[in-house]
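Let me begin by presenting the structure, written as structure tokens, before commenting on it.
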Amino acid sequence: MLKGKKIVLGMIVFVLLLTGCTNNIEDGVLLLEEAKYEEAIEVFDKDIERGKKLDEAYRGVGLAYFELEEYDKAVDALKKALKNGAEETATICGVLGACYMKQEQYDDALNVYKKALKKEDITDKLKQEIEYNLIAVYEYTYDWEAAKKQAEKYVEKYPDDARIDKEAEFLETR
């Protein structure tokens, strides 16, 4: 499910670098790239404490907590990023969806995944990952018909993805 973590990390790091960030934001992004997540949080927190670049700082904190698998903190930080002006991108929706999945908040995951799929900035790789994750959302909520339909659509679009074979086999028994 979280196979796309590296893709998501790369996209968010790219966005943060493109936005003309402050030195703390740039330093935090570099720490994210180096997988120094606790240190990145400390750096981003400096801008949060000063009330600077809150959207970018909270987004960085959210990503760091996501990588640390502290999903409740990641959700909280990403919601604060959005509240402080961060654009609700497909990537942010994808990260939120993954967090909600890990927290077993499947209705929330479904909602943000559907939002992500409608975003103009969604990449092909992220779209594929989210469409795959939707199958799991439907399975976890015991919506077997929706899971089967999503799996069928997925197979049509991505016939070479071997992951779907196991899912399709599982769904045949439902």
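Annotations for the structure displayed:
- Subtracting the Cα-Cα distance of Ala168 and Glu38 from 0.36 nm times their residue separation leaves 42.9 nm of extension gain.
- Cα gyration tensor category, rounded, prolate or oblate, for the range 80-133 with a/c compared to 1.5: oblate
- A protection proxy built from the mean count of other Cβ atoms within 10 Å ranks the segments 152-159, 31-38, most packed first, as 31-38, 152-159.
- Length gained on full extension, Asn23 to Lys114: 29.3 nm, using 0.36 nm per residue less the C-alpha separation.
- Contour minus Cα-Cα distance for Lys153 and Glu88 (0.36 nm per residue): 20.8 nm
- Local net charge near Tyr65, Cβ-Cβ under 9 Å (Lys/Arg +1, Asp/Glu -1): -4
- For the chain, the longest principal axis of the alpha carbon atoms and the long axis of helix 37-50 meet at an angle near 60°.
- The residues of the range 36-174 have, on average, 54 Å² of accessible surface per residue, using a 1.4 Å probe with all protein chains present.
The values are calculated or read from the model by the stated rules, or taken from the named source; none is laboratory data. Here the structure is a predicted model, which is why all the values come from computation and not from measurement. Heads up, the Cβs are rebuilt from the backbone with ideal geometry, glycines too, and the neighbour counts pull from every protein chain shown. Protein only, heavy atoms only, side chains kept; ligands, DNA and RNA dropped before computing areas. Shrake-Rupley method; radii C 1.70, N 1.55, O 1.52, S 1.80 Å.
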